[in-house]
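What follows is a set of notes on a single structure, which appears directly below.
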Amino acid sequence: MEGDSVTLNNRLTEILSVDEFLWWFSYTKIIAIIDKPTDIFDVYDDALDGIFRDRLKLNKQTGSLTITNTTMKHAGDYEQMTNKLFAIFSLTVYARLPVPVISSNSSQCSSSSSSYCSLVCSVVNVGHVTLSWYKGNSLLSSISVSDLSISLSLPLEVEYQDKNSYSCVLNNPISNQTRHLDISQLYSVHCCGSTEAVIRLVLSALVGVATVILLVYDIRSRRHILLLLLPTKKK
């Protein structure tokens, strides 16, 4: 994982008694040298535009090489070589995974006429990962990518009355990130959308009734005043 440290063990000494050897990166640059008889233990961390600067540590006792605070640039082949023997280490570095984001079609999910809600689980700037929808522990669908820095999205339709647990999982070979889906929140949105419409209808009706009452009261009041102002007939 990016940011972690990795140690490449001294395989040549494990096989034979070797006291002099080089560490290479991708067969192109020497990044460390060990010569125990002359007490030379050097690292060349300015190689390759300084991608190893302050990251290489040599163990003088074992001859192992440690790379600290790894990045994607450190992925590749590492060679431990003498004039007769060599050992190869292949290193893969994975980026830290973001937590997936679950979004919905708000207009469709809040519609009282729909019994389903369309969701999308998405991530951005990822590579060498798989994005999956799970219903409980059962895999529903998945999509994988081997490229770097790409965006992924995976749709899902759920029913409002569904009581199952759903989750969207992003994983690579060494880690994963999970976002759980709360169906009750979606149902609440769906429910409240319908309730809001009913409340608006009731309020409109109440306003209408109140208006009619005020008009009737106003008409009666005017009529009463008019009767009081009219002269009374003499018998």
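Each reported figure results from applying straightforward, stated rules to the coordinates on display, with no laboratory input. All values reported here derive from a predicted model rather than from experimental measurement. Cβ placement follows ideal geometry from the backbone for every residue including glycine, while neighbour counts extend to all protein chains displayed.
At q = 0.17, 0.18, 0.20 Å⁻¹, what base-10 log of I(q)/I(0) does the Debye formula yield for the range 6-91 when every alpha carbon is treated as an equal point scatterer in vacuo?
Rounded to two decimals, the profile gives -0.63, -0.70, -0.88.
Taking amide H positions as placed in the peptide plane 1.01 Å from N, state which residues far from residue 140 in sequence (5 or more) or on other chains have amide H under 5 Å from it.
Counting only residues 5 or more places away or on other chains, the set is 133, 134, 135.
How far apart, in nm, are two points set 7 Å out from the Cα along the Cα-to-Cβ line at residue 29 and at residue 60?
The two pseudo-label positions are separated by 2.6 nm.
Please rank 130, 71, fewest neighbouring Cβ atoms within 10 Å first, as an exposure proxy.
On the way: 130 17, 71 13.
Ranking 130, 71 by Cβ neighbours within 10 Å, fewest first, gives 71, 130.
Just to be sure I follow: if Rg is taken over the C-alpha atoms of the range 41-90 and Rh is the Kirkwood radius over the same atoms, what is Rg/Rh?
Working: Rg = 11.6 Å, Rh = 12.1 Å.
Value, to two decimals: 0.96.
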